[in-house]
Each structure stands twice: as structure tokens, then as C-alpha cells.
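Have a look at the structure below, then the notes.
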Amino acid sequence: MKPAGKVSRVALIGSGFVGASYAFAMLNQGVASEFVIIDLNHKKAEGDAMDLNHGIPFASNMRIWAGDYSDCKDADIVVITAGANQAPGETRLDLVGKNAAIFKHIIDAVMKSGFDGIFIVATNPVDVLTYATWKYSGLPANRVIGSGTILDSARLRSLLSSELKVDPSSVHAVIMGEHGDTELPIWSHVNVGGMPLEDFQATHGYPSQEKLDEIFVNVRDAAYHIIERKGATYYGIAMGLARLTKAVLRNENSILSVSARMDGQYGLNDLYIGVPAVIGREGIRDIIELKLTPNEQLKFEHSATVMKQAIKSIFPEHV
Ligand code: NAD
């Protein structure tokens, strides 16, 4: 793996709605020194690089250019947001065939460059494609990270904070499982400034369980609601990806909800799924095993079963 040096390079593959928004977030937050944009549509990559370069005088310096796969050789991180997105009414899992074929091509090209860093994957279905990235690249599992439920957990914190009337940064809440229809909220570990949600409900008289259930449904179905209104979702995930990139490059050891490979944790093996994990310079340093209630564990296992079936559709030998 490339030793952490002064010049940090991030390579973005796929400069569509999500990728371009991520590039914009990266520039505004001054996360990396170099940022290369790669897209099948090279003109789009060039246009984005030009446009972003014109914003540099208003931000901190970052070398930005439209490149090709050979630029991945010296990248610390390759972020993949390339591929098809959901059409109205389509689930994330419906995208698996299309995007797995695109991924085989992309990962082979990145690895051929001599890349030896960390992958961050956001393309859907993200848990399955992160597994595919790990398989196709041959890199250790800690160096292949999926954005998983990072956005879903942020959505939960955001909606809960409005209901509780406190800053989202004071609300700790996690969504686990698939980034998709079988995800689940871990109510048993929600806390508000250190106070368990149950105690908050007892002392304040709200929110009711019905309200919490309604909040979760809005989190789970948020992408459908946004896609119905504007065709795609991108700002939230772009900021989540910038957050993840920062945690890696700055060796933050932050605990974030990501898609990580299970190797016995939660009784699961050989799949990528959304869990809280410690993220630092080596990628996924540690997976946090929350003590789930029996009902949460059951729902999590159901989500894992659905992920395994989806993995099998690309890797028939998978058990
Ligand atoms: P988009 O269509 O706007 O952009 C996709 C880009 O990928 C395009 O610029 C296209 O030219 C490029 N591309 C396609 N094939 C390529 C290849 N082989 N090599 C290089 N580039 C290629 O789509 P979008 O709205 O940006 O969404 C991208 C992905 O992100 C989708 O799969 C979407 O579902 C996913 N997404 C994930 C999350 C999350 O939370 N993980 C949230 C929102 C969207």
C-alpha cells in the first residue's frame, strides 16, 4: 500500500449526479491535494474538471483534472460512483446485473494501473457491488469500503433531530443492513446526548413508537420520494462520501455506518453489509458489534439473506 505522503490523490470514477456532487463537496471541504475525474463520457469529466477548477480561487487549492485509469496508480483512494441509477419505481437490487458488468471492467482497469490503495464504492446496489469490488480487486477486505448505510443513518439522525428538537450532531442513531428495502433502525442504541432514547421518551413524553416507525419508513423510502420529485439523489450521499474520504485520509478512526465484509461478526460470513465501523488510514480498522435485541438480530439476518441471494446472482458459487 502506498505510504501516506504529503500529496493525497483521490480518483473518482463516474462523474454523474453523485460523482460531480462529491467532487464539489471535496473541493469545498479541502479534503485532498489531487483529484482526478474519470468517466466513460470523457467530455463530461473534462467539463466538470474545468468548472471545478474555476472555483478553486474561492476554496483551498486542489489539482483537478480529467484523466484516465493510469492516474489511479498513485491514488490513495478510488471512489466509484459510475453506473446506472434507479429509475422511478425501480429498486436498488434491480440494478445488480447492469452495474456488476460495468464494475468488472472498471476494477480490472484500476488494478491494471498498479493501484494499491483503498476503494470506496457508492454505486447501487452498493453492498453487492462492494463485495464484487473486493472479489475482482483481490485487495484485503479492510481496503474495500462501501458507503453502505452512511446516508441512511444521516437521514435517521436528521429526521429524529427535528422530532426531538435537538441538533443532529447530538443524536446518535444507526441504520444497519442493506442500503435498501431490508435495512433496519437500531432503536435499542439510539441516544440523545448520551441519554438512551427510551429514557428521553419517559422524561419528555415523546416521541411515540408510532412516530418512530413513521420516521423509519421515511428514511427507508427517502430515495424513492426524492427520485419521484427530481429524478435522482446526490447531495446527501456526496457529503457522506466526502466524510468517509476525510476519515481515511486524515486517519480519523471515526465510527461511521459503512458496508463492511462480515467475517464472523453478528454470526455472518462472506458478505458486505451496513454496520458501524472504525474508519482510518488503513480503511476499515474494526467492525463494531452492537448488542442487538433478538428482533433486531432477526431483521439483520433477513437483510443478510437477501444480500447473499443478490451476491449469488453474480457469483453463483457463493454460499
Ligand atoms: P448518473 O447516471 O448521473 O452518473 C453515472 C456516471 O457513470 C455517468 O457519468 C456515466 O457516464 C458514468 N459511467 C457509466 N459507465 C461507466 C464506466 N464503465 N466507466 C466510467 N464511467 C461510467 O448516475 P448518478 O445519479 O450519479 O448515480 C450513480 C450511482 O450512484 C447509481 O448506481 C446510484 O444508484 C448510486 N447512488 C448511491 C447512493 C448511495 O447511498 N450509495 C445514493 C445515490 C445514488
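The values are calculated or read from the model by the stated rules, or taken from the named source; none is laboratory data. Quantities reported herein were computed from a predicted structural model and do not represent experimental measurements. We place every Cβ from the backbone using ideal geometry, glycine too, and count neighbours over all the protein chains shown. When the accessible area is computed, the model is the full protein with side chains, heavy atoms only, and any ligands, DNA or RNA have been set aside. Shrake-Rupley method; radii C 1.70, N 1.55, O 1.52, S 1.80 Å.
Rounded to the nearest 10 square angstrom, D213 shows an accessible area of 80 square angstrom against a 1.4 Å probe.
Annotation for the stretch 127-179: trypsin sites (Lys or Arg not before Pro) lying in DSSP loop with at most 15 further Cβ atoms inside 10 Å of their Cβ are K165. The trypsin sites (Lys or Arg not before Pro) of the stretch 289-319 meeting both criteria, a DSSP state outside H, G, I, E and B (loop) and at most 16 other C-beta atoms within 10 angstrom of the site's C-beta, are K291.
Computed on protein heavy atoms with a 1.4 Å probe, the accessible areas place L292, L129, L93 in the order L93, L292, L129, largest first.
Using only the alpha carbon atoms of the stretch 9-146, find the Kirkwood hydrodynamic radius as the inverse mean reciprocal pair distance, in angstroms to one decimal. The partial results should precede the final answer.
Details: mean 1/r = 0.0665 Å⁻¹.
The Cα-based Kirkwood calculation yields 15.0 Å.
With springs only between Cα atoms under 10 Å apart, run a GNM on the chain and tell me which of I120, I56, I80 wobbles the most. Of the options given, I56 has the highest mean-square fluctuation.
The angle separating the long axis of helix 96-112 from the principal Cα axis of greatest extent in the chain is about 50 degrees.
Output the relative contact order of the chain, whole-number percent, from Cα pairs under 8 angstrom with separation of 6+ residues. Numbers along the way, then the final one.
On the way: 622 pairs, mean separation 57.1, N = 319.
Normalised by residue count, the contact order of the chain is 18 percent.
Please give the charge dipole size of the chain, origin at the Cα centre, charges +1 on K and R Cβ atoms and -1 on D and E Cβ atoms. Round to the nearest 20 debye.
Details: 30 positive and 36 negative charges, 152 e Å.
Computed charge dipole of the chain: roughly 740 debye.
Is the stretch 150-314 rounded, prolate or oblate when judged by the Cα gyration tensor, a ≥ b ≥ c being the square roots of its eigenvalues, rounded requiring a/c under 1.5 and prolate requiring a/b larger than b/c? In terms of gyration-tensor shape, rounded.
For D181, the solvent-accessible surface computed with a 1.4 Å probe is close to 70 Å², ligands and nucleic acids excluded. Dipole of the stretch 214-285 computed with +1 at Lys/Arg Cβ and -1 at Asp/Glu Cβ about the Cα centre; of V278, N253, L268, farthest Cα towards the positive end is N253.
Trypsin sites (Lys or Arg not before Pro), restricted to the stretch 1-109: which are DSSP loop and have at most 13 other Cβ atoms within 10 Å? Listed in order of number, the matching sites are K6. What do you get for the angle between helix 294-314 and the principal long axis of the chain? Use alpha-carbon atoms, 0 to 90 degrees, nearest ten. It works out to around 30 degrees. Please state the shape class of the chain: rounded when a/c is under 1.5, otherwise prolate if a/b exceeds b/c and oblate if not, all from the C-alpha gyration tensor. Here the chain falls in the prolate category.
Relative to the longest principal axis of the Cα atoms of the chain, the long axis of helix 17-29 makes an angle of roughly 90 degrees.
Of the residues T133, T182, ranked by 1.4 Å probe accessible area with the largest first, the sequence reads T182, T133. Result for the chain in a Gaussian network model with C-alpha springs under 10 Å: among G19, G274, G97, the largest mean-square fluctuation is at G97.
The charge dipole of the stretch 150-314, taken about its Cα centre with unit charges on the Cβ of Lys, Arg, Asp and Glu (plus for the first two, minus for the last two), comes to roughly 580 debye.
Pairs from the table (K73/K112; K112/K312; K98/K135) lying more than 19 angstrom apart at Cα are K112/K312.
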